[in-house]
Structures are given as structure tokens and as C-alpha cells.
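Student: This is the structure I want to talk about, given as C-alpha cells.
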Amino acid sequence: MENVLVIGATGNIGTSAVTAALRSKRQVLAVVRNQKSGEKLVKNVGTSEGITFVEADVVSDTGIKGVVEQVRAGKLPAFQHVFTCVGADYIPVALKDITPAQLRDNMARAFDSNFYAYRETISYLLEQGKPATYTICTGAMGDLAIFPLPAMTQGPLYSMATAASRENAETNVRFNEIYLAMRVEVDEEAKEHGVTTASEFAAVYEGILSRPEIRSSRVNVVDNGDIKDLKYETKVLDPQAFLRGINSQN
């Protein structure tokens, strides 16, 4: 049975990814901070069956590296898919009030951790030589910038996703970005707040896993209609056509 490595597994989106993997008859290798985080995931997903837990510091440049080393050594199950969605502070603070410490901390958690996750897992997936997927979830906050602090972490992720899409366009790894423009929360909290549940949003990742034609793409999720009817566009643009398009607008 295939395994999905979920990095950022205990958050709202990570919980959704775990749910999607289990519903698609796959098992999960969930990266958690500690035992308490693992228990939180089990509570939100509703089961521990099919989930293997591994503790790691995803912000460290050696955290996911250590997980992959354990997989290579046979101490953890092999994985064929990766889903990453590590986030940081989602707070309203004006640009002029952001401290250097806040900026560094948020970039480390929301960008660095996702970059390290890709860097340490992509070689492993490529080495397998079999169909594999890598999915990252980004947010529309990067374009809206209603909250500048989390918004600034998304721009680098957009570029990273484009580079990864281009580099893997013809490999065995289908890289895709989910661009999320709606609020998703774990089921219990979502029902209280009237937003989309993690269980509902899970259909997006299920769709990506099951549709091999979706690769090197951005899957746009703007409203509930986009959850089942996936709308996607390539992230691998022809440089000359892109520049001509800009010039035509001037």
C-alpha cells in the first residue's frame, strides 16, 4: 500500500491531507512535533489506523532529512507521495510594526520549513523511478496581503512551486500547488465558525492523487464549487510567450 508523507500534519490543511490520504486507501507517515500533537491529529481525523507518527523539527534544516534517513534505513515506511503545508502566524500587524524577530520567525516556519521539506524528499522520490506526487498548499493571502506578516511568506512559496513544477515537468514526480483562497478548519471548529471543514477540503487532494493529468499545475480553490470540480492551470510558462504577454499590456 502506498504511503503519503504529510509535513505540517496537525494543522487545518495537514489534517485535511491526512483525511484525503486515508480515504484514497493510502497510509500516512505524519510528521508531528511531539506526542501531544499526534494525539491532536488523531482527535481531528477520528482514527489512528493507517497513520505512522514520526517526531521532527520541521523548521530545522535537518528535521526532514532525519525522517528520510530513517525511511532509507527501513525504520519508517517508504513513501510515494509528499504533502507539505507548514504555516506560521496569521495575525493582523501592520508592515511598520513587524519586528525583525517576527519576520525571521515567520519566514523560517512558513517558507524555510517547506523548502527544506522539498529539498530533503524530492531526491528520494526521484530515485524510486515510479509514479509519485509532491503537493504544496499555498494561500491567497500572498496576493491579498490583508495580513502582511503571513502574506510575505507566500510570495517565495509561489516562486518555489513554479521552479519545482518546471524542474519536475518530465520526471516521475507530479508536482502541484494548491492555491487556497478560502478558510478551512478542522471539522469541529469549522462547524462552529461556519467555514469549510477539513473533511470537505480533503476532496481536492484526493482529486490530485487520482488524476495523473494534473501535473506542474496550480489548482485554484476559491469557493466550495472548486473542491469537487478542480480548476487548474500550468505553472510552466514559456519565457518568451510570457514576456510578449507583458509587452502586449503596455
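Student: Only one of (1) among the polar types (S, T, N, Q); (2) in contact with a Leu (Cβ under 6 Å, 6 or more places away or on another chain); (3) not in a strand (DSSP E or B) fails for Thr52. Which number is that?
Tutor: Thr52 satisfies every listed condition except (3).
Student: Within region 13-34, is there a residue that is more than 30 Å from Gly142 (Cβ to Cβ), touching a residue at least 24 places away in the same chain (Cβ under 8 Å) and surrounded by 15 or more Cβ atoms within 10 Å (Cβ to Cβ)? Steps first, answer last, please.
Tutor: So the first thing to find is which residues in region 13-34 are more than 30 Å from Gly142 (Cβ to Cβ), and the list is 25, 27.
Still in the list and also touching a residue at least 24 places away in the same chain (Cβ under 8 Å): 25, 27.
Pick out the ones that are also surrounded by 15 or more Cβ atoms within 10 Å (Cβ to Cβ) and you get 27.
Yes; the residues of region 13-34 include at least one that is more than 30 Å from Gly142 (Cβ to Cβ), touching a residue at least 24 places away in the same chain (Cβ under 8 Å) and surrounded by 15 or more Cβ atoms within 10 Å (Cβ to Cβ).
Student: Follow-up question, since we're still on this one. Any residue at all in region 125-134 that is in contact with a helix residue (DSSP H, G or I) (Cβ under 7 Å, 6 or more places away or on another chain) and assigned to a helix (DSSP H, G or I)? Don't jump to the end; show me each part of the working.
Tutor: Let us first name the residues in region 125-134 that are in contact with a helix residue (DSSP H, G or I) (Cβ under 7 Å, 6 or more places away or on another chain), namely 132-134.
In the following step, the residues that additionally are assigned to a helix (DSSP H, G or I) were identified as none.
Scanning region 125-134, I find no residue that is in contact with a helix residue (DSSP H, G or I) (Cβ under 7 Å, 6 or more places away or on another chain) and assigned to a helix (DSSP H, G or I), so the answer is no.
Student: State whether one or more residues within region 127-139 are farther than 22 Å from Glu206 by Cα, without any contact (Cβ under 8 Å) to a residue 12 or more places away in the chain and either surrounded by fewer than 21 Cβ atoms within 10 Å (Cβ to Cβ) or not charged (D, E, K, R) (or both).
Tutor: Yes; the residues of region 127-139 include at least one that is farther than 22 Å from Glu206 by Cα, without any contact (Cβ under 8 Å) to a residue 12 or more places away in the chain and either surrounded by fewer than 21 Cβ atoms within 10 Å (Cβ to Cβ) or not charged (D, E, K, R) (or both).
Student: Continuing with this model, one more query. Give region 57-77 a look and list any residue that's in contact with a Lys or Arg (Cβ under 9 Å, 6 or more places away or on another chain), surrounded by fewer than 19 Cβ atoms within 10 Å (Cβ to Cβ) and assigned to a loop (DSSP other than H, G, I, E, B), or say none. Don't jump to the end; show me each part of the working.
Tutor: Just the residues of region 57-77 that are in contact with a Lys or Arg (Cβ under 9 Å, 6 or more places away or on another chain), to begin with: 57-59, 61, 64-65, 69.
Narrowing further to those that are surrounded by fewer than 19 Cβ atoms within 10 Å (Cβ to Cβ): 57, 59, 61, 65, 69.
Listed by number, the residues that qualify are Asp57, Val59, Asp61.
Student: Just give me the residues in region 179-198 being closer than 13 Å to Ser16 by Cβ and within 16 Å of the chain's Cα centre (by Cα), in sequence order. Steps first, please.
Tutor: First, pick out the residues of region 179-198 that are closer than 13 Å to Ser16 by Cβ: 180, 182-187, 189-190, 195-198.
Matches in region 179-198: Leu180, Met182, Arg183, Val184, Glu185, Val186, Ala198.
Student: Tell me which residues, restricted to region 79-107, are surrounded by fewer than 17 Cβ atoms within 10 Å (Cβ to Cβ) and in contact (Cβ under 8 Å) with a residue 24 or more places away in the chain. Spell out the reasoning first.
Tutor: Initially, region 79-107 is screened for residues surrounded by fewer than 17 Cβ atoms within 10 Å (Cβ to Cβ), giving 89-105, 107.
Asp89, Tyr90, Ile91, Pro92, Val93, Ala94, Leu95, Ile98, Gln102, Leu103, Met107 - these are the residues of region 79-107 that are surrounded by fewer than 17 Cβ atoms within 10 Å (Cβ to Cβ) and in contact (Cβ under 8 Å) with a residue 24 or more places away in the chain.
Student: Here are the criteria: (1) out of contact with any Gly (no Cβ under 8 Å at 6 or more places or on another chain); (2) in a helix (DSSP H, G or I); (3) at pLDDT 95 or above; (4) not aliphatic (A, V, I, L, M). Tell me which single one Lys25 does not satisfy.
Tutor: Single failed check for Lys25: (2).
Student: Just give me the residues in region 201-217 being open to solvent by less than 10 Å² (accessible area, probe 1.4 Å), among the hydrophobic types (A, V, I, L, M, F, W, C) and in contact with a helix residue (DSSP H, G or I) (Cβ under 7 Å, 6 or more places away or on another chain), in sequence order.
Tutor: Scanning region 201-217 gives Phe201, Ala202, Val204, Ile214.
The values are calculated or read from the model by the stated rules, or taken from the named source; none is laboratory data. Not measured: the values here are computed from a predicted model. FYI the Cβ positions are ideal-geometry reconstructions off the backbone, even for glycines, and counts take in every protein chain you see. When the accessible area is computed, the model is the full protein with side chains, heavy atoms only, and any ligands, DNA or RNA have been set aside. Shrake-Rupley method; radii C 1.70, N 1.55, O 1.52, S 1.80 Å.
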